Amino acid sequence: MKQIIFSAVLISTFVNAQKKKDSLNTRTIEDVKLHKTGNPNNAKISTTKSQLSVMENPQAISVVTHEVIEQQQAQQLSDVVKNVNGVYITSARGASQDSFGARGYTFGSENIYKNGNRINSGVFPEISGLERVEVLKGSAAILYGNVAPGGIVNMVTKKPLFNQGGNISLNYGSWDNIKPTVDVYGALSKNAAFRVNGSYENKDSFRDFVTSEKHYFNPSFLFNISDKTQIIVEADYLKHHFTPDFGLGGLVLNTTTSESKLNTLLDIHKFVGVTWQYQTNEMATSTVTLNHQINNNWSYNAVAYYQNYNKDFYGTERIQWNLQQNGDYTWKRTLNKQYVEQNYGSLQFNINGEFKTGKLTHKLLAGADSDYLQADTYTYQLQKQDGTYADAGNNFSYGTNGNTSNGNISLTDENTWTTGYTPNSKKKDLTRVPTRRIGVYVQDLISLTEKLKFLAGVRWSYLENKTTQVTNYISSTKTETANSYKKDMAFSPRFGLVYQFDDSFTAFASYSNSFTPNTGLSIDSNKKTSPLDPSIINQYEVGIKKNLLKNTLAFNITAYQIDNSNLSQVSEIDVNYKELTGKTRSQGVEVDVTGNPTTNLSINAGYSYNYMTYLDTPNTDGSFVEGERLVRTPANTANASVFYTFQNYIKGLKIGVSAFYTGNRLAGWNNLKDANGNQKTNRMYEIGDYTTVDFSIGYQAKKFSIMGKIGNLFDVVDYNVHENYSVNPITPRNFYLTINYKL
């Protein structure tokens, strides 16, 4: 409750303060203006923190507005970002979150933002409260610090409006998916406005025994302190209780080398975990934003942000069916229990200005940010059938009827999957990892001529991983993890050239060097831990941005190359640790076409190609194979969405078709080589490509509207795979219906 109380206090403080400000003039800002699904090259982007337009920014930028979200009836963030070429789901581990990637790199919490603030990526964000989603591709290190090279996803929430309005909707879909939502906004006074939106969702699944219940509440308030100063106060609370689902599991042909293949032996509806397993995610955030216009050329903003996240997990994980001599597959079913709490706070300040030095025109951005994260992880011991306790995790067997002596169950005999009792638990230990980050940055776009512009910027970053503290509740001791303290600092430059042929056509090239201080510890085969060295990343990008058909349609092409000095990824030995795997190179091309050629026609289409390989790896036994493509990254992705609203004949009728293509991917792990450089394992396997098609139809009459969708129209079967154990089928053919009333 402490996070809810904190949010309420913030809101109450500013509401009471505003009672003295009613005589001041109302100020309208760009943040509260809505833009339609038209040309994203004409949109104002908040993710860049600057006053640069999309056309003069030397990198690829995509926008998915709430109109697209609503007409496609998107249910989660993955439904939204698949409208952005080159952004894809890398895995859906445990069905507890969607992990995204772009340009060959997997996104973590450092790449997912809300209103420009980092959020924990271990949840399914609620999207009914989103105004739009902005994707800044390529390097964002100068603006946000240690982010993965592929780009960042920034969710922009709906802001208060001074005109009264809102809507109420009821959604219903396959597997008893029911979701009412409400969104209400209006003026509190001539200088204050509010917005409150919320939702409740309860649903089953095409997967046996899998259920989900989600609550969401998002109040926000806007105060125009003067005609030049504005404060926005926002808070939200998300609670999601669901069945963690690691899917069908992988088929392991050789336990020594981890050679595996896709599990097509089980029906996609089958659930092999325990029927009582659960996970509850809670996240609460509070944000206070100050915007101030100094004069016509200069402005600044300051943001204070707090986030509390916790995860309560109890169930099975890592489903690996091992091949037996008799041809059957068995899995040693185990139980794990874990509780995670993270408290995160950040401050940032940005100043933007335009000025001249002689004949040169400048657009300057300068800023600083700082954050602090305390991550607490509790592990447990579970009670066995004989009354003794043992550590939860890979060594706690839970077989047929909850057998804690023999955890083996058979893939071909469903009777062995039977669930038993829920073991009692007690805390074993608490691991606390504090992290502090500081950054200072400056960027200047200089107009050398009317058409030629030069961008230069640099960021200084500091990261401190404080000493990891471990509290053992069994022995009543407190210890510090050796070699866990580490600090890194570096400068990250960025340069770009922009040539604007005219207002509708731009060509650009850019280079950036970023420093990624890899948080956490590495672990070797002897369980020895040590801090991770940072990764140095060089990115090169060229492209064109062209507006067509009287600026109603954007046509953009981008090519890129990303060189990483030492790629960090989750360790195979222990998922709580990481490892450095070698130098990589990612190359690719992206094309997108987006806009409204006519007032009743909406088009969103794109294609991307990516090829990411290991360039140089250590010449030691167990290192990765050079020249091999990295797992979980599709070589090709494509998207196309067309919606048409009839103005004649059946006025108000809307029809739409959306298609999404995911190319072939490699699952499992990359192969290893011996000390002589020869490949010694064969533990990757290919997952074929697939295309899903959605058909939508709707009708609007005055304040009422109804929209229906058939998702995965042709009932395509495919999978999202995490390594070789979380094999989650994509959603089969389904329907979704939305009835909406505008207030």
* Asked: If you roll a 1.4 Å probe over the heavy atoms of the protein chains, what accessible area per residue do you get for the stretch 184-290, in Å²?
  -> 33 Å²
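What Kirkwood Rh does the stretch 286-340 have if only Cα atoms enter the pairwise 1/r average? Answer in Å. Don't skip to the end; give the middle numbers.
On the way: mean 1/r = 0.0593 Å⁻¹.
After inverting the pairwise mean of 1/r, the radius is 16.9 Å.
Under a 1.4 angstrom probe, counting protein chains only, how are Lys654, Lys337 ranked by accessible area, largest first? The partial results should precede the final answer.
Numbers: Lys654 55, Lys337 20 Å².
Largest to smallest exposure gives the sequence Lys654, Lys337.
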* Point-charge dipole on Cβ atoms (K/R +1, D/E -1) for the chain, about Cα centre, debye to 20 -> 1960 debye
* Net charge of neighbours whose Cβ lies under 13 Å from the Cβ of Phe660, counting Lys and Arg as +1 and Asp and Glu as -1 -> -3
* Between Tyr649 and Phe355, what length in nm is gained on full extension when 0.36 nm per residue of separation is reduced by their alpha carbon distance? -> 100.5 nm
* Structure fact -> Out of Val727, Ile739, Asn610 - ranked by how far each Cα lies towards the positive end of the dipole of the stretch 603-743, with unit charges on the beta-carbon of charged residues - the top one is Ile739
* To do: Name the long-range amide H neighbours of Leu666: under 5 Å, sequence gap of 5 or more, or other chain; modelled H, no Pro or chain starts.
  => Arg632, Thr633, Ile687
* Asked: Assigning unit charges at the beta carbon (Lys, Arg +1; Asp, Glu -1) and nothing else, what dipole magnitude in debye, to the nearest 20, does the stretch 264-419 show about its Cα centre?
  -> 540 debye
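Could you sort 321-334, 233-246, 382-395 so that the peptide with the highest average Cβ count within 10 Å comes first and the rest follow in order? Mind dumping the intermediate values first?
Numbers: 321-334: 16.6, 233-246: 21.6, 382-395: 14.5.
For the peptides 321-334, 233-246, 382-395, the packing ranking is 233-246, 321-334, 382-395.
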* Structure fact -> Other residues with Cβ under 11 Å from the Cβ of Ser705 give, with Lys and Arg +1 and Asp and Glu -1, a net charge of +3
* Hey, can you rank 422-435, 104-117 by average C-beta count inside 10 Å, highest first? -> 104-117, 422-435
* Structure fact -> With Cα coordinates, the longest principal axis of the chain makes an angle with the long axis of helix 2-18, in degrees rounded to 10, of 10 degrees
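Among rounded, prolate and oblate, which fits the stretch 400-470 when a ≥ b ≥ c are the square roots of the eigenvalues of its C-alpha gyration tensor, a/c under 1.5 means rounded, and a/b larger than b/c means prolate?
Note, shape of the stretch 400-470 comes out oblate.
What number, rounded to the nearest 500 deg cm²/dmol, is the helix-based mean residue ellipticity at 222 nm of the chain, given -39500 (n - 2.57) per DSSP H run of at least four residues and division by all its residues? Display every interim value, and only then the final one.
Working: 4 runs with 32 residues, N = 743.
So the calculated ellipticity at 222 nm is -1000 deg cm²/dmol.
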* Roughly what would the spin-label model give for Gln561 and Asn676, points 7 Å off Cα along C-beta, in nm? -> 3.4 nm
* Using alpha carbons only, what's the Rg to Rh ratio of the chain with Rh from Kirkwood? -> 0.96
* To do: Among Ile438, Thr379, Tyr314, pick out the residue whose Cα is farthest towards the positive end of the charge dipole of the stretch 294-440, where Lys and Arg carry +1 and Asp and Glu carry -1 on C-beta, about the Cα centre.
  => Ile438
* Asked: Farthest toward the dipole's positive end in the chain, which of Val184, Tyr105, Thr264, given Cβ charges of +1 (Lys, Arg) and -1 (Asp, Glu) about the Cα centre?
  -> Val184
* Please tell me which of these pairs span more than 26 angstrom C-alpha to C-alpha: Lys114/Lys427; Lys49/Lys228; Lys137/Lys453; Lys179/Lys703; Lys384/Lys427; Lys451/Lys550? => Lys114/Lys427
* Distance violations [Cα-Cα > 22 Å] among Lys159/Lys363; Lys158/Lys214; Lys546/Lys709; Lys159/Lys190 -> Lys159/Lys363; Lys546/Lys709
* Asked: For Gln443, what charge total do you get from the other residues with a beta carbon under 11 Å from its beta carbon, if Lys and Arg give +1 and Asp and Glu give -1?
  -> +3
* Asked: In the chain, carbon and sulfur make up what percent of the accessible area (probe 1.4 Å)?
  -> 54 percent
* Could you state how much accessible area Tyr200 has, in square angstrom rounded to the nearest 10, with a 1.4 Å probe and all protein chains kept in place? => 70 Å²
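The values are calculated or read from the model by the stated rules, or taken from the named source; none is laboratory data. For clarity, every value in this text was computed on a predicted model and none was experimentally measured. A quick note on method: Cβ atoms are made from the backbone with ideal geometry, for glycine too, and the neighbour counts reach across all protein chains shown. To get the accessible areas, we keep the full protein, side chains included, count just its heavy atoms, and leave off ligands, DNA and RNA. Shrake-Rupley method; radii C 1.70, N 1.55, O 1.52, S 1.80 Å.
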